[in-house]
Amino acid sequence: MNVLIFGLGLHYGGLNSALYYAKRNHIVTVTDLLGEDSLYEQIQTLDEYGIICHLGGHIDKDFLDADIIVKNPAINPGNKFLSLNNNITTDIIELLNYVYTRKNIKVIAITGTKGKSSTTSTIAYVLRTLGQKVFIGGNIGISGYKIIEDLEKVDNRETFYIVLELSSWQIRDLLLYASQLDFHFSSIILTSLFPDHGDYYDSIETYYKEKMQIFTYDSEYKYMSIQSKIVLDELSIRYPQNIEFLKDSKLVVQSLRDLGFCESSTIHIINQSKQLEHRREFVREINSIVWINDSSATIPEAMNFTLSKIHSPYILIIGGSDKNCKIDVSYKYLRDATHIVLLEGSFTRNKIMPYLLKNRLLFIGPFNNMEIVVKESYERALQEAIPITVVLSPAAASFGVFKNSDERGSLFKQAVHQLS
């Protein structure tokens with residue numbers, strides 16, 4: 001079978017898809033707009049398996065000759081190359097197809113603007129601590145093909161849980177390319193809704209409605225945060241009637257209780273659980289200066305939430321590339337910052353800097369080197385001579401200066417640990 005991986009990407013989802021088919025002796029081709037310089041590490045692995053790479057652009061023949069096209073979620077369904085072949089799938093579709101008839105596998109689907117990764121990880125952590133066998137994947141960075149490979153090695157008589165974080169794009173692709181898949185989830189959870197991906201959607205309503213499509217699937221339990229209900233009500237966006245509305249803090253506990261797990265045990269385990277990397281992550285404290293890595297805050301509303309939890313003076317590191325977000329929603333938190341240090345990017349140049357100047361809020365930068373950013377922040381923190389928190393919470397995407405938000409956060413932590 002000729003398999004085409006449409007969009008290798010930077011988070012290794014395309015790589016896992018390619019390796020899955022190559023290990024099964026299929027002819028695999030990868031095509032991506034990015035060049036070899038951007039994908040060098042992945043290309044080395046692909047070469048080892050004899051996978052063909054067409055980089056820096058796409059070729060019609062690859063699409064016409066493919067028996068199946070594995071689509072990257074970030075690729076718009078309106079892309080002209082997708083019209084050349086109707087045999088389109090994704091790793092999530094293949095995973096759900098794989099577990100469709102397996103009664104011993106329970107799938108929990110989680111989506112939302114913010115909070116979906118922490119909810120996904122927390123549910124998986126609690127289940128594992130309670131002795132359950134759990135696989136985690138989806139938008140959190142683990143391919144559906146990797147889960148299939150793991151499931152192929154286990155005893156099908158045992159009960160397994162799959163906890164899936166789903167982006168709006170993954171949900172859209174499910175409905176577009178697997179509409180015939182009558183899949184049943186054990187639970188569906190919608191965390192929060194905030195404006196996001198304004199550079200991709202024609203309106204915020206379109207983005208929210210795409211998230212809501214997950215509820216078109218059957219499920220024993222359906223949950224939505226109260227915050228999301230308020231947002232949808234304000235925009236007169238309809239939602240199913242059989243949804244239970246909960247506070248954010250109750251989503252994990254209630255969903256696990258309904259699946260038969262002890263509430264008090266769940267709460268105890270949650271209180272002992274570790275933080276997620278790049279999400280309000282404590283890095284270190286040095287000279288009464290606390291360093292927080294919140295690189296996954298890629299919209300202003302996420303930054304606002306993080307800063308609302310900080311009850312000490314703070315220095316804010318902010319900025320990056322534009323997702324068509326609005327910075328004016330963060331006025332209070334920008335105003336309250338002791339210092340503002342800017343990261344380079346289109347959102348910084350086109351929106352943050354003009355907004356700060358308009359409101360007479362001082363800043364330094366923008367900088368495109370994380371070591372310099374940390375050094376400048378450290379010097380200002382020392383000058384304050386009081387306990388203070390330095391927060392990397394960019395409120396913007398990372399592309400241009402960094403590969404992704406994970407690299408941005410990792411470089412921040414590395415620079416912080418080099419301080420003395």
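The values are calculated or read from the model by the stated rules, or taken from the named source; none is laboratory data. Small disclaimer: the values here were computed from a predicted structure and weren't measured. For neighbour counting, all protein chains shown are included, and Cβ atoms are generated from backbone atoms with ideal geometry for every residue, glycine included. Each accessible area value is taken on the protein alone, full model and side chains, heavy atoms only, with ligands, DNA and RNA left out. Shrake-Rupley method; radii C 1.70, N 1.55, O 1.52, S 1.80 Å.
Within the stretch 114-168, restricting attention to residues that are of a type in the set (Lys, Arg) and not in a helix (DSSP H, G or I), the residue that is nearest to Lys209 (Cα to Cα) is Lys114.
Got a sec? Which of Lys375, Lys358 is without any contact (Cβ under 8 Å) to a residue 12 or more places away in the chain and over 30 Å from Ile140 (Cβ atoms)?
None of the others qualify; the one that does is Lys358.
The listed residues are Lys211, Lys222, and the only one of them that is open to solvent by less than 30 Å² (accessible area, probe 1.4 Å), among the basic types (Lys, Arg) and within 22 Å of Tyr161 (Cα to Cα) turns out to be Lys222. For the criterion of being open to solvent by less than 30 Å² (accessible area, probe 1.4 Å) and among the hydroxyl-bearing types (Ser, Thr, Tyr), Tyr331 fails. Being of a type outside the set (Val, Ile, Thr), at positive phi and touching a residue at least 12 places away in the same chain (Cβ under 8 Å), is that true of even one residue in the stretch 285-303? Looking through the stretch 285-303, at least one residue is of a type outside the set (Val, Ile, Thr), at positive phi and touching a residue at least 12 places away in the same chain (Cβ under 8 Å). Looking across the stretch 63-73, just one residue is loosely packed, with under 14 Cβ neighbours inside 10 Å and either in contact (Cβ under 8 Å) with a residue 24 or more places away in the chain or not in a helix (DSSP H, G or I) (or both), and that is Asp67. Annotation: of all residues in the stretch 29-55 being part of a strand (DSSP E or B) and under 17 Å from Met1 (Cα atoms), the one that is most open to solvent (accessible area, probe 1.4 Å) is Ile52. Beta carbons closer than 7 Å, at least 6 apart along the sequence or on distinct chains, pair a first residue in the stretch 107-119 that is closer than 13 Å to Glu277 by Cα with a second that is surrounded by fewer than 24 Cβ atoms within 10 Å (Cβ to Cβ) and basic (Lys, Arg) for Ser117/Arg279; Ser118/Arg279. When the stretch 287-334 is limited to residues that are in a strand (DSSP E or B) and within 17 Å of the chain's Cα centre (by Cα), the one that is nearest to Ala74 (Cα to Cα) turns out to be Ser321.
Taken over the stretch 103-113, the residue count meeting the criterion of being open to solvent by 30 Å² or more (accessible area, probe 1.4 Å) and either within 27 Å of Met212 (Cβ to Cβ) or among the polar types (S, T, N, Q) (or both) is 1. Among the conditions (1) at pLDDT 95 or above; (2) open to solvent by less than 20 Å² (accessible area, probe 1.4 Å), Ile269 misses just one, which is (1). Within the stretch 164-186, is there a residue that is surrounded by 13 or more Cβ atoms within 10 Å (Cβ to Cβ), polar (S, T, N, Q) and within 25 Å of Lys326 (Cβ to Cβ)? Among the residues of the stretch 164-186, at least one is surrounded by 13 or more Cβ atoms within 10 Å (Cβ to Cβ), polar (S, T, N, Q) and within 25 Å of Lys326 (Cβ to Cβ), which makes the answer yes. In the stretch 303-313, which residues are open to solvent by 10 Å² or more (accessible area, probe 1.4 Å) and not β-branched (Val, Ile, Thr)? If the condition is that a residue be open to solvent by 10 Å² or more (accessible area, probe 1.4 Å) and not β-branched (Val, Ile, Thr), then Asn304, Phe305, Ser308, Lys309, His311, Ser312, Pro313 are the ones that fit. If Asn304 passes every condition in (1) in contact with an Asp or Glu (Cβ under 9 Å, 6 or more places away or on another chain); (2) farther than 21 Å from Glu384 by Cβ but one, which one does it miss? Here Asn304 clears every test but (1).
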